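Enquirer: Below you'll find the structure I mean.
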Amino acid sequence: MGAIETGNPGDQYAIDVRGLRKRFGTLEVLRGIDFRVARGEVVCVIGPSGSGKSTLLRCINRLEVPTSGQILVGGVDVADADADIDHVRTRIGMVFQAFNLFPHLSVLDNLTLAQRRVLKRTRPDAVEVARQTLERVGLADKISAYPAHLSGGQQQRVAIARALAMHPDMMLFDEPTSALDPELVGEVLAVMRGLASDGMTMMVVTHEIGFARDVADRVVFLDEGVVVEDGAPSQVLDTPQHERTRRFLQRVR
Amino acid sequence: MTRRQRQRLIRGGLYAAFVLAVVVVAAVADGERIAQFFFDVDIARQMFPDVLIVAARNTLLYTALAFSFGLAFGLVLALMRLSRVGPYRWFATVYIEVFRGLPALLTIFLVGFGIPLAFRVEWHVLTRITLGLGLVAAAYMAETLRAGIEGVPTGQMEAARSLGMSHGQAMASVVLPQGLRLVIPPMTNELVLLIKDTSLLFVLGTTPITKELTKFGRDLLSQTASPTPLIVVGLVYLLITVPMTQLVAVLERRNRRSR
């Protein structure tokens, strides 16, 4: 299914971040990050606000341009200005905190726009893919609705479907449930659980510690722009090695 | 006197003052003379159908030409102002400041006579009209369109780019459709202003078939020595502009409700 032609086909990592630094003016938000996500792995990134976790995620599909370092996505260095970033982005699904559905388009058109413009799928093909992905997030009946008429949870599920319709190799989630009313969080997490059990490579920035514990293969704790802790959920969440991690977990519980 | 009684008294006084003013105006005004000069039915009747099929038609044609040109060029200017390329931004900024700062009449003279004189070009009258009004309209519309584009949340561009769309694709199919919707009310106001500005075009010289409403009315004023033609063309203007401003009000109300 059109994986990126990799420089190194044996590359087992979907995402391989090396020495990543990101500075906004004088503020250094990421201060040398080394970080890997294997194919099929689900990694949750936790950390206090301002720790740089969203910036890290946004660097991976170059919504933020790294100051220095390497970010290999399927072997292509997206930190390199010569990378064909539009092509790499078609392989990376992105889900935002604020959903960012296109409000002037129906659910169907939200899902088919990029399929047709970017992947050059025919309209019948794109519609068929849209149907299947909406089925997968449990919203097949909303295909002709407009975003404004959906609940927050439904909007976020449509946003997930929009990303999935591109048949990406991996999915990035930037605090996908933080903008939702508490009673709507469950339906979105359920969809994400489904994706994880289907073997999707996922990197999730989240405050949902319970989700991280149940679903993640690995949990990464980020603070002040560095990776403080990186390991299995039980290890990072239950027996953290660092004082900073312990303090953070006490606060969010 | 209670507070409520005093309020009632004040309101009653305001009503009385208004009625008194109407009565005084009615008593002082010479109704017969007004009817004779401003509402001369015979003169008004002679103006038809030309006031509609020639004058109003020309007003609408000139407006449509200038608006189309202004919209297209204004969009280019708006995108230039938002460009990452410095010189594009500077050019657009200077252009907008210059043409918003000059009287429209001066621009019409410059385009209508100055350029043809300097470069010895024979511009068709419609070209001169389109450019004379359109160059100024573009400057105003560029600022409105830029505000519309900037009014679309940045998350929209990011979502589109994350799906692999190029900047141009994202602009054309995600940002612009939303930005244009935001500016429908102010753009309709631009249109109304443009309709009225067509009255300046007489300075380019007219033939009987190129007269717009104001010139048409003025010529009849001197022929008939009656202001009735001005009243008639005024009513035709209102017939065009009032529905538009009302439409804007409806759109604005609907916009506010859908948010």
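The values are calculated or read from the model by the stated rules, or taken from the named source; none is laboratory data. Bear in mind the structure is a predicted one, so any value in this text is a computation, not a measurement. Quick reminder, even Gly has a Cβ in these numbers, built from the backbone with ideal geometry, and neighbours come from all protein chains shown.
Enquirer: Can you name every residue in the stretch A:76-94 that is outside any helix (DSSP H, G or I) and at the interface with chain B (Cβ under 9 Å from one of its Cβ atoms)?
Expert: Here is the first cut: in the stretch A:76-94, the residues outside any helix (DSSP H, G or I) are A:76-84, A:91-94.
Scanning the stretch A:76-94 gives A:R91, A:I92, A:G93, A:M94.
Enquirer: Then there is this: Just to be sure, is B:R120 under 30 Å from A:E64 (Cα atoms), of a type in the set (K, R) and either away from chain A (no Cβ under 11 Å) or touching a strand residue (DSSP E or B) at 6+ places or on another chain (Cβ under 9 Å) (or both)?
Expert: Criteria not met by B:R120.
Enquirer: Moving on. If the requirement is being small (G, A, S), within 14 Å of chain B (Cβ to nearest Cβ) and either free of Cβ contacts under 8 Å to residues at least 12 places away in the same chain or within 19 Å of A:L189 (Cα to Cα) (or both), which of these qualifies: A:A159, A:A148?
Expert: After applying the criteria, what remains is A:A159.
Enquirer: Let me ask another. Evaluate the following for A:T177: is it within 14 Å of B:A160 (Cβ to Cβ), among the hydroxyl-bearing types (S, T, Y) and more than 10 Å from chain B (Cβ to nearest Cβ)? Spell out how you get there, then give the answer.
Expert: Values: within 14 Å of B:A160 (Cβ to Cβ): no; among the hydroxyl-bearing types (S, T, Y): yes; more than 10 Å from chain B (Cβ to nearest Cβ): yes.
Judged against the criteria, A:T177 is not a match.
Enquirer: Next question. Quick one: which helices (runs of 4 or more DSSP H) sit completely within the stretch B:1-101 and have at least 3 residues that are within 25 Å of the chain's Cα centre (by Cα) and of a type outside the set (A, V, I, L, M, F, W, C)?
Expert: Numbers: elements: B:3-28, B:31-38, B:41-46, B:57-81, B:86-101.
In the stretch B:1-101, the matching helices (runs of 4 or more DSSP H) lie at B:57-81, B:86-101.
Enquirer: Then there's this: Of everything in the stretch A:188-202 that's small (G, A, S) and in a helix (DSSP H, G or I), which residue is surrounded by the fewest Cβ atoms within 10 Å (Cβ to Cβ)?
Expert: Ranking the qualifying residues of the stretch A:188-202, first place goes to A:S197.
Enquirer: I would also like to ask the following. Out of the residues in the stretch A:162-187 that are surrounded by fewer than 18 Cβ atoms within 10 Å (Cβ to Cβ) and either touching a Leu at 6+ places or on another chain (Cβ under 6 Å) or touching a residue at least 40 places away in the same chain (Cβ under 8 Å) (or both), which is nearest to A:R253 (Cα to Cα)?
Expert: Taking the candidates together, the pick is A:S178.
Enquirer: Considering the stretch A:205-221 alone, what residues qualify as being surrounded by fewer than 17 Cβ atoms within 10 Å (Cβ to Cβ) and either closer than 17 Å to A:L57 by Cα or out of contact with any helix residue (DSSP H, G or I) (no Cβ under 7 Å at 6 or more places or on another chain) (or both)?
Expert: Listed by number, the residues that qualify are A:H207, A:G210, A:D214, A:D217.
Enquirer: If you go through the stretch B:36-64 one residue at a time, how many are at pLDDT 85 or above and surrounded by 19 or more Cβ atoms within 10 Å (Cβ to Cβ)?
Expert: Of the residues in the stretch B:36-64, 6 are at pLDDT 85 or above and surrounded by 19 or more Cβ atoms within 10 Å (Cβ to Cβ).
Enquirer: Let me ask you something else. Can B:L133 be described as more than 12 Å from chain A (Cβ to nearest Cβ), buried (at least 22 other Cβ atoms within 10 Å of the Cβ) and assigned to a helix (DSSP H, G or I)?
Expert: Details: more than 12 Å from chain A (Cβ to nearest Cβ): yes; buried (at least 22 other Cβ atoms within 10 Å of the Cβ): yes; assigned to a helix (DSSP H, G or I): yes.
Taking the combined requirement at face value, the residue satisfies it.
Enquirer: Further question on the same structure: May I ask you to verify whether A:V137 is within 14 Å of another protein chain (Cβ to nearest Cβ) and among the aliphatic types (A, V, I, L, M)?
Expert: So A:V137 does not fit the description; no.
Enquirer: Being under 22 Å from the mean Cα position of the chain (by Cα) and either among the small types (G, A, S) or within 14 Å of chain A (Cβ to nearest Cβ) (or both) is the filter here, so list the residues in the stretch B:218-253 that pass it.
Expert: B:G234, B:A249
Enquirer: Restricting the stretch A:95-123 to residues that are over 22 Å from A:A179 (Cβ atoms) and among the β-branched types (V, I, T), which is farthest from the other protein chains (Cβ to nearest Cβ)?
Expert: The extreme case among them is A:T122.
Enquirer: Is it the case that B:I184 is closer than 28 Å to B:L251 by Cα, within 13 Å of another protein chain (Cβ to nearest Cβ) and aliphatic (A, V, I, L, M)? So that I can check it myself, show each step before the final result.
Expert: On the way: closer than 28 Å to B:L251 by Cα: yes; within 13 Å of another protein chain (Cβ to nearest Cβ): yes; aliphatic (A, V, I, L, M): yes.
Yes, satisfied.
Enquirer: Return the pair list, or none, for Cβ contacts closer than 9 Å from residues in the stretch B:1-16 that are free of Cβ contacts under 8 Å to residues at least 40 places away in the same chain to residues that are part of a loop (DSSP other than H, G, I, E, B), at least 6 apart or on different chains.
Expert: B:L9/B:M1
Enquirer: List the helices (runs of 4 or more DSSP H) that sit entirely inside the stretch B:169-239 and contain at least 2 residues that are surrounded by fewer than 17 Cβ atoms within 10 Å (Cβ to Cβ), at positive phi and touching a Lys or Arg at 6+ places or on another chain (Cβ under 6 Å).
Expert: none
Enquirer: Looking at B:K215, B:K211, which is the one that is farther than 22 Å from A:F96 by Cα and either touching a Phe, Trp or Tyr at 6+ places or on another chain (Cβ under 6 Å) or at the interface with another protein chain (Cβ under 10 Å from one of its Cβ atoms) (or both)?
Expert: B:K215
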